[in-house]
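Below is one structure, written out as structure tokens; the observations come after it.
No value in this document is a laboratory result; all are computed from the given coordinates. Since the structure is predicted, the reported quantities are computational estimates derived from the model, not experimental observations. Because the Cβ atoms are built from the backbone with ideal geometry, glycine has one as well, and the counts that use them run over all protein chains shown.
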């Protein structure tokens, strides 16, 4: 069963063990977030992953924001 979490982000147990991915790809949301955190611009990401659109990158950010609003956040170990 495929669940649409936010527009353009889906969760399918058959794709990357249910990790949230950009719809129609196998590109996980966490990868987009890691690239942004590493300093890549949206334009850089789109050049590296031409199957993505700017809306996909923004959807990954939207997903992360909504997830953090709903979850109990625990400190990460360094």
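Please arrange 7, 77 by how many other C-beta atoms lie within 10 Å of their C-beta, fewest to most. Before the final figure, lay out the partial values.
Numbers: 7 13, 77 4.
Result, fewest neighbours first: 77, 7.
Please work out whether the chain counts as rounded, prolate or oblate from its C-alpha gyration tensor, where a ≥ b ≥ c are the square roots of the eigenvalues and a/c under 1.5 means rounded, while otherwise a/b larger than b/c means prolate and anything else oblate? Could the numbers behind the result be given before it?
On the way: a/c = 1.70, a/b = 1.09, b/c = 1.57.
Cα axes put the chain in the oblate bin.
At 222 nm, what helix-only mean residue ellipticity would the chain give, in deg cm²/dmol to the nearest 500, using -39500 (n - 2.57) for each DSSP H run of four or more?
On the way: 3 runs with 33 residues, N = 78.
Result for the chain: -13000 deg cm²/dmol, rounded to the nearest 500.
Taking every C-alpha pair closer than 8 Å and separated by at least 6 residues, the mean separation divided by the residue count of the stretch 3-66 gives a relative contact order of 31 percent.
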